[in-house]
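Scroll down for the structure; my scribbles are underneath it.
Any read-out appearing in this document is the output of simple, stated calculations on the displayed coordinates, not a laboratory observation. Because the structure is a prediction, the values reported are computed rather than measured. Here the Cβ is made from the backbone with ideal geometry for all residues, glycine too, and neighbour counts use every protein chain on show.
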Amino acid sequence: MKQSWQILIVDDEANVRRMLTTAFTLDGHRPLCAANGCEALELFHSHQPDVVLMDIRMPVLNGIEALEKMRAVRPGTPVILMTAYAAVETAVEALRFGAFDYVIKPFDLSEVKLVIQRAMQMQDMKQQINQLHQQLSKSYQWGHILTQSPAMMEICRDTAKIALSHASVLISGESGTGKELIARAIHYNSGRSQGPFIKINCAALPESLLESELFGHEKGAFTGAQLQRHGLFERAHGGTLLLDEVGEMPLNLQVKLLRVLQEREFERIGGSQTVRVDIRIIAATNRDIPAMVEAGTFRNDLWYRLNVIHLTLPPLRERLEDISLLANHFLQKFNLENQREIIEIDTSTMALLESHTWPGNIRELSNIIERAVIMSTGMVIFPEDLPPLLQASKPISGKEPDTAGSLKENVKRYEKTLIISALNDNYGNRTRAAMLLGISRRALMYKLQEYNIEQIAEG
Ligand SMILES: Nc1ncnc2c1ncn2[C@@H]1O[C@H](COP(=O)(O)OP(=O)(O)OP(=O)(O)O)[C@@H](O)[C@H]1O
Ligand SMILES: [Mg+2]
């Protein structure tokens, strides 16, 4: 909040003007004085003060008339009226014309200061809300997807067109980039929006269970199959089926999926009757499918089939413009959920958020803001409300390398720094740190031992 305000003092009594001018100047503000409503209006036009403190009973143009004229020009400027006790009813009436508040003469200086301070706080809040509105109107919202990144806006526009078609869609992107949100937006903006939206995580089930979840089974198909059961392909009839983490689907099932994609038909496990379904299939993955095709773990023909409409969501670190937009969006959301009224994220906190690499993308940002809302004790989110690892995130480059010692020693030292930094960036999650470093989890565990790296608690 600005600390020095231009205060327009309007009173026909010279000693009141003098007293207030001295007090406000001592507090570091910039008072202006007028002896009646007419003079006040001139100064109001020429100086655009932050706040007006005005007597009601004055010759030439009284406080109420001046208030109305001021509100007609700049209704946003708070006007506080001063009145003798005898005229307090007029002052109350003036609140209806838009006065911010009134004080009764003779007044206590601290009381006047308090009212002005409140008026200025209110101004500040209004300004922030305006800024947020402006930020929001520059951004793009489709379904629940909020963005101001040109790349994401383009994807949203594409999905709006895709929604109207029947085509299968592949959505790639790192974990937490919004793949499921996009899939839902496609479904709810399509002709199938009244039908079911069903999601299955292909990585969560062993092969045989995944197969019976998807295809269903006939009575007696295997031990324990006492009744016929419809699988998700059938249950999604008339709607959309999201195959999450499709990269984890075993090769054997990939062939069967290809047939469903091409023919929209299949047989239940243990059955010979062909079932036809009307579904849209959306597949999502955080894996590099072409590399998997190369390695022989993903079928080439399935990849071709899925690649017809392929959306690739950029990671959060490549859409920096979304960080403050989303952080403020999550701030509002978690304020509501936790009955808090935190008004802003301090600029140094925002700078830390903007320099983080976000391996967990938007989900991670949402978690961090939720935590900050819970941890914060005031009206503003400061760096200390962030997890310690984020507070300490400083780029490792910029440091002059210490080159004393042999090449091997230097390489080892550098390797150790990289491992610690990868662990830090991933909150101690060893699987993700290993992925980031391009080594196996087992190799990482070995190196932790070799370098005697204290285990960083997974967060
Ligand atoms: N652009 C966005 N605007 C608002 N919220 C978003 C946006 N993108 C993602 N989110 C939120 O972030 C979280 C993660 O999104 P989502 O589940 O769609 O990611 P995902 O790519 O499917 O992740 P995973 O690979 O881990 O399954 C969700 O809570 C979602 O609501
Ligand atoms: Mg998901």
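Using 16 Å as the cut-off for backbone N distance, which residues of the stretch 367-385 belong to the label zone defined by a point 7 Å from the Cα of GLU354 along Cα→Cβ?
Label zone hits: 383.
Would you mind checking which residues have amide H under 5 Å from GLY239's amide H? H placed 1.01 Å from N; only 5 or more apart, or other chain.
It is ARG280, by chain and number.
Give me the dipole magnitude in Debye, nearest 20, for the stretch 316-391 about the Cα centre, with unit charges on the beta carbon: positive for Lys and Arg, negative for Asp and Glu.
Dipole magnitude for the stretch 316-391 comes out near 180 debye.
What is the ratio of the Cα radius of gyration of the stretch 316-391 to 2.2 N^0.38 Å, where N is its residue count, to two decimals?
Compactness ratio reported: 0.98.
Starting from the amide H of THR147, placed 1.01 Å from N in the peptide plane, find each other amide H under 5 Å away whose residue is 5 or more places distant or on another chain.
So THR147 has HN proximity to TYR140.
Through the Karplus equation 6.51 cos²θ - 1.76 cosθ + 1.60, θ set to phi - 60°, convert the phi angles of the stretch 313-319 into ³J(HN,Hα) values in whole Hz; use x for Gly and Pro.
Going residue by residue, I get 7, x, x, 4, 5, 9, 10 Hz, with x marking Gly and Pro.
Between GLN273 and ALA84, how high is the FRET efficiency from 1/(1 + (r/R0)^6) when r is the Cβ-Cβ distance and R₀ = 56 Å? Nearest 0.05.
0.05
When N counts the residues of the chain, how does its alpha-carbon radius of gyration compare numerically with 2.2 N^0.38 Å, as a ratio?
Expressed relative to 2.2 N^0.38 Å, the Cα Rg reads 1.43.
With each pseudo-label sitting 7 Å past Cα toward Cβ, what's the TYR414-HIS47 distance in nm, one decimal?
The answer from the label model is 6.4 nm.
How large is the convex hull of the C-alpha atoms of the stretch 6-126 per residue, in Å³?
Hull volume normalised by residue count: 92 Å³.
Can you compute the FRET efficiency between TYR304 and LYS199 using 1/(1 + (r/R0)^6), with r the Cβ-Cβ distance and R0 = 35 Å? Round to the nearest 0.05.
Given R0 = 35 Å and the Cβ-Cβ separation, E is 0.90.
Determine the dipole magnitude for the chain: charges of +1 sit on the beta-carbon of Lys and Arg, -1 on that of Asp and Glu, nothing else is charged, the reference point is the Cα centre, and the result goes in debye to the nearest 20.
About 1240 debye.
Consider a paramagnetic label point 7 Å from the Cα of HIS166 along Cα→Cβ; state which residues of the stretch 180-195 have an amide N under 20 Å from it.
Inside the label zone: 186-195.
Quick one: longest stretch of the chain between exposed loop GluC sites (Glu not before Pro), exposed meaning at most 11 other C-beta atoms within 10 Å and loop per DSSP?
My reading of the result: 1-340 is the longest stretch.
Spin-label point model (7 Å from Cα, Cβ direction): what's the MET122 to SER4 distance in nm?
Result for the modelled spin labels: 2.6 nm.
Across the chain, where is the longest run that never hits chymotrypsin sites (Phe, Trp or Tyr not before Pro) in a DSSP loop with at most 15 other C-beta atoms within 10 Å?
Result for the longest clean stretch: 223-450.
Any idea which of LEU436, ALA163, THR22 is furthest toward the positive side of the dipole for the chain, if Lys and Arg beta-carbons carry +1 and Asp and Glu beta-carbons -1?
ALA163
Residue by residue through the stretch 373-384, which ³J(HN,Hα) values in whole Hz follow from phi under the Karplus form 6.51 cos²θ - 1.76 cosθ + 1.60 (θ = phi - 60°), with glycine and proline marked x?
Karplus values, whole Hz, x for Gly and Pro: 4, 6, 6, 5, 10, x, 9, 10, 8, 9, x, 5.
Give me the distance between the Cα centres of the stretch 270-299 and the stretch 198-249, rounded to whole Å.
Cα centroid of the stretch 270-299 versus Cα centroid of the stretch 198-249: 13 Å apart.
May I ask which residue of LEU214, SER190, GLN226 lies farthest towards the positive end of the charge dipole of the stretch 165-312, with charges of +1 (Lys, Arg) and -1 (Asp, Glu) on Cβ and the Cα centre as origin?
Of LEU214, SER190, GLN226, it is SER190.
What is the extension gain from THR312 to SER110, computed as 0.36 nm multiplied by their sequence separation minus the C-alpha to C-alpha distance, in nm to one decimal?
Extra length from THR312 to SER110 when fully extended: 66.7 nm.
Test of the criteria: in the stretch 1-74, which trypsin sites (Lys or Arg not before Pro) are in a DSSP loop and have at most 14 other Cβ atoms within 10 angstrom of their Cβ?
Here the trypsin sites (Lys or Arg not before Pro) that fit, given the DSSP loop and packing criteria, are LYS2.
Aspartates and glutamates within cross-link reach of LYS126: Cα-Cα under 15 Å, excluding same-chain residues under 8 positions apart?
Output for LYS126: ASP50, GLU341, GLU344.
Taking loop as defined by DSSP and a crowding limit of 14 other beta carbons within 10 Å, which trypsin sites (Lys or Arg not before Pro) in the stretch 155-219 fit?
LYS219
Quick one: what does P(r) look like for the stretch 146-223 with 10 Å bins over all Cα pairs, in whole %?
15, 37, 29, 15, 4, 1
State whether the stretch 165-312 is rounded, prolate or oblate according to the following rule on the C-alpha gyration tensor (a ≥ b ≥ c being the square roots of its eigenvalues): a/c under 1.5 gives rounded; otherwise a/b larger than b/c gives prolate, and the remaining case gives oblate.
It is oblate, given that a/c is not under 1.5 and a/b is not larger than b/c.
What list of ³J(HN,Hα) values in whole Hz, one per residue of the stretch 325-336 in order, does the Karplus curve 6.51 cos²θ - 1.76 cosθ + 1.60 (θ = phi - 60°) give from phi, with Gly and Pro shown as x?
4, 6, 4, 5, 5, 5, 4, 4, 4, 7, 4, 4
Just to confirm a number: summing +1 for Lys and Arg and -1 for Asp and Glu over residues other than GLY216 whose beta-carbon lies under 10 angstrom from that of GLY216, what do you get?
Charge balance near GLY216 sits at -2.
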